[in-house]
2 protein chains.
Amino acid sequence: MDAGASSARRDAAAGRARDSPRRAAGRPPQAVLSKAQITRAALKLIEADGYKGLTMSALAKRLGVAPSALYNHVAAKQDVLVLLEDHLMAMVDVSGFDGGQWEPGVRRWAWSYRDVFARHTPLIPVIAVLPVTNAPQTVAMYEAVTAGFLADGWPRDRIVDAIVALESFIFGSAFDVIAPPDIFETGGLAASAPEFSAAVADRWGEGETSRSDSAFGIGLDALISGLSARRASGGF
Amino acid sequence: MDAGASSARRDAAAGRARDSPRRAAGRPPQAVLSKAQITRAALKLIEADGYKGLTMSALAKRLGVAPSALYNHVAAKQDVLVLLEDHLMAMVDVSGFDGGQWEPGVRRWAWSYRDVFARHTPLIPVIAVLPVTNAPQTVAMYEAVTAGFLADGWPRDRIVDAIVALESFIFGSAFDVIAPPDIFETGGLAASAPEFSAAVADRWGEGETSRSDSAFGIGLDALISGLSARRASGGF
DNA sequence: TTCACGAAATGAACGCCATTCATTTAGTGA
DNA sequence: TCACTAAATGAATGGCGTTCATTTCGTGAA
């Protein structure tokens, strides 16, 4: 092996793109790309620059490859987003259901779900609309949650609706996390909205917990107690 | 007046672009554009083609204007989205609070809010993050809702959090409306997720109400009962 | 009345983006 | 051995949002 090849291997191990020596055209001796590598590179790119930095060119450059090479592994950029989504779903914490108690399980799941996607809000419009087929980690997450509901005695035919309701709240709340702190400052419009402005000014506890955390906590408590009350009363 | 001018006036009245006779360069005798006209044209464009059809070029063409002319009235495309957002906020039904009863007010508000933005989900990432300053209709909506909460005796310092919790649920649910009906079909992954697949198959009442409507109804009931229970018990 | 200035239009760019296609090379199964 | 397919390059495409020099019109101050 020559020096060029060895430095290339070092760069590849570090996830960096090979810089100087352009690869010749034609299929390379050993595959340079894979879906897993594309996913990893996309994540790194997002960590560094946010979703505005996630372009097919940037992705290709980071992988040391021409942009068109990516299309041998994904049909479109949308596919990259799907890869990301499924990867992130595996990071949602469903371990809270292991204890056999529904409420702590839901609580831990919901907080972690929100936290994961608050840093990936551009994926939410994709997830919310994407069929789960071919998203194995996503299905695994739903399976664990469903099992947690069943273990608590939930009627099978109501579980999906309950999960969807919680999930909708979680997605919406993820957006709220990235809202600026002054989002409700009425500014010049204060005079036209005295009650609302007062409510914004009086808002309680701007101490340790953030605005979005406190709203999420209140809503999650309400959802959990509302759902379990309905179940207990036979509303389902 | 000549025939050209009169046909131009007719076209302008119908909101259509003047087609053939290109306007000469330079400031026209009477203004061709305004924020209100831009907003109307954008709405028409979205009705016809969806948000993918909302481009600055298409907007300009519909207004019978060069694309660059738009930038005399908005600083960027984002501003067009803000104009749309504020316009749509005025269509959210807050009349339910007029009766002086909190629960029916919240219910009507929430359903109408969701319905309006289910057809405009691309705006949600914008709204959720946008300061309300300079969005008068948006502030007016919040003012009406706040008044409804106050009339019910809610403590002022808890109202914003409650509204945000409800709103997060509403935004998330708006995405759910546009999800395909088979979004939870596990397909080839069914074997790996038996409980979830069964729950999806057993889902109740696919009769009159849609999947997303039933999930929204369940979640909204839970939120409303959970929130008012906490308020009644002095949790706030 | 004049005239400088700002507002509002045109049209020609610009850079970026996702994607496609012809081409080349390497591995694979018949 | 050889046809076929997979996986890379590199050039090209069309569309996007946006900018800028230029032109024209309206307006308020001198």
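Bear in mind that the values in this text are calculations on the coordinates, not laboratory data. All of these numbers come straight from a predicted model, not from anything done at the bench. Cβ sites come from the backbone with ideal geometry, for glycine too, and all protein chains shown count toward neighbours.
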**Study point:** C-alpha center-to-center spacing [the range B:137-181, the range A:147-212] in angstrom
**Key:** 9 Å
**Study point:** Selected from B:Ile38, B:Ile124, B:Ile183 as most flexible by GNM, with chain B as the system and alpha-carbon contacts under 10 Å
**Key:** B:Ile183
Study note, to complete from the structure: Given Cβ charges of +1 for Lys and Arg and -1 for Asp and Glu, the option among A:Ala118, A:Ala42, A:Asn72 whose Cα lies farthest towards the positive end of the dipole of the range A:19-177 is A:Asn72
Review point. Hey, got the average number of other protein chain Cβ atoms within 10 angstrom for residues in B:182-193?
Key: 6
Practice item. Translational diffusion coefficient, Stokes-Einstein: compute it for the range B:87-185 using the Kirkwood radius over C-alpha pairs as Rh, at 4 °C and 1.567 mPa s, and state it as an integer in µm² s⁻¹. Key: 91 µm²/s
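About the Cα centre of chain A, what is the dipole size in debye to 20, counting +1 per Lys and Arg Cβ and -1 per Asp and Glu Cβ, all else neutral?
Working: 24 positive and 26 negative charges, 297 e Å.
For chain A, the charge dipole is close to 1420 debye.
Per DSSP H run of at least 4 residues, take -39500 (n - 2.57); add these up for chain B, divide by its residues and hand me the 222 nm value, nearest 500 deg cm²/dmol. Walk me through the intermediate numbers first.
On the way: 10 runs with 136 residues, N = 236.
-18500 deg cm²/dmol, from helical runs alone.
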Point to revise | Cβ charges +1 (Lys, Arg) and -1 (Asp, Glu), total dipole of the range B:128-236, debye | key: 460 debye
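Hey, with R₀ at 45 Å, roughly what FRET efficiency would A:Asp202 and A:Gln30 work out to, going by the Cβ-Cβ distance, to 0.05?
Result of the calculation: an efficiency of 0.10.
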Review point. Each residue of the range A:228-233 in turn: what ³J(HN,Hα) in whole Hz from Karplus with 6.51, -1.76, 1.60 and θ = phi - 60°, glycine and Pro shown as x?
Key: 6, 5, 5, 5, 5, 7
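Would you mind checking A:Lys52/B:Lys77; A:Lys52/B:Lys52; A:Lys52/B:Lys61; A:Lys44/B:Lys52; A:Lys52/A:Lys77; A:Lys44/B:Lys77 for any pair whose Cα atoms are more than 20 angstrom apart? Walk me through the numbers on the way to the answer.
Numbers: A:Lys52/B:Lys77 16 Å; A:Lys52/B:Lys52 18 Å; A:Lys52/B:Lys61 28 Å; A:Lys44/B:Lys52 29 Å; A:Lys52/A:Lys77 13 Å; A:Lys44/B:Lys77 28 Å.
Listed pairs above 20 Å: A:Lys52/B:Lys61; A:Lys44/B:Lys52; A:Lys44/B:Lys77.
Could you work out the local net charge near B:Asp161, counting Lys and Arg as +1, Asp and Glu as -1, over the other residues with Cβ closer than 9 Å to its Cβ? Intermediate values should be presented prior to the final figure.
Working: positive: A:Arg203, A:Arg211, B:Arg158; negative: B:Asp157.
Result for the neighbourhood of B:Asp161: +2.
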Study note, to complete from the structure: Helix A:77-89: inclination vs chain A longest Cα principal axis, degrees, rounded to 10, gives 60 degrees
Check your understanding: Put the label 7 Å from Cα along Cα→Cβ for B:Gly188; what are its distances to the other copies, in nanometres, shortest first?
Key -> 5.8
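Evaluate the relative contact order of the range B:44-186 (contact order divided by residue number), counting alpha-carbon pairs under 8 angstrom at least 6 apart; express in whole percent. Intermediate results must be reported in sequence, preceding the final value.
Numbers: 113 pairs, mean separation 32.4, N = 143.
Taking the mean separation of contacting Cα pairs over the length of the range B:44-186, I get 23 percent.
Taking every residue in B:148-155, how many Cβ atoms of other protein chains lie within 10 Å of its Cβ, on average? It would help to have the intermediate numbers written out before the result.
Working: counts 1, 3, 4, 1, 0, 0, 1, 3.
Other-chain Cβ atoms within 10 Å of each residue's Cβ, averaged: 2.
Run through every distinct alpha carbon pair of chain A and return the Kirkwood hydrodynamic radius in angstroms, one decimal place.
Details: mean 1/r = 0.0474 Å⁻¹.
Evaluated over chain A, this radius sits at 21.1 Å.
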Check your understanding: Can you list the HN-Hα couplings for the range B:90-103, worked out from phi with the Karplus curve (6.51, -1.76, 1.60; θ = phi - 60°), rounded to whole Hz and with x for Gly and Pro?
Key -> 5, 8, 6, 7, 9, 5, x, 7, 4, x, x, 9, 5, 4
Review point. If you plug each phi of the range A:173-182 into the Karplus form 6.51 cos²θ - 1.76 cosθ + 1.60 with θ = phi - 60°, what whole-Hz ³J(HN,Hα) values come out, in order, with x for Gly and Pro?
Key: 5, 4, 4, 4, 4, 8, 6, x, x, 9
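Under 11 Å from the Cβ of A:Tyr142, count the other residues' Cβ atoms, weight Lys and Arg +1, Asp and Glu -1, and hand me the total.
In short, -3.
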Exercise for review: Indicate the gyration tensor shape class of the protein assembly as shown (rounded, prolate or oblate), computed on the Cα atoms with a ≥ b ≥ c the square roots of the eigenvalues: a/c under 1.5 is rounded; otherwise a/b larger than b/c is prolate and the rest oblate.
Suggested key: oblate
Exercise for review: Take the Cα of A:Glu47, step 7 Å along the line toward its Cβ, and report every residue of the range A:74-88 whose backbone nitrogen sits under 11 Å from that point.
Suggested key: none
Revision key, fill the gap. With the label set 7 Å along Cα→Cβ, B:Asp79 is separated from its counterparts in the other copies, in nm and shortest first, by 4.0
Exercise for review: For A:Tyr51, go 7 angstrom from Cα along the Cα-to-Cβ vector, then report the distances to that same point in the other copies in nm, smallest first.
Suggested key: 0.9
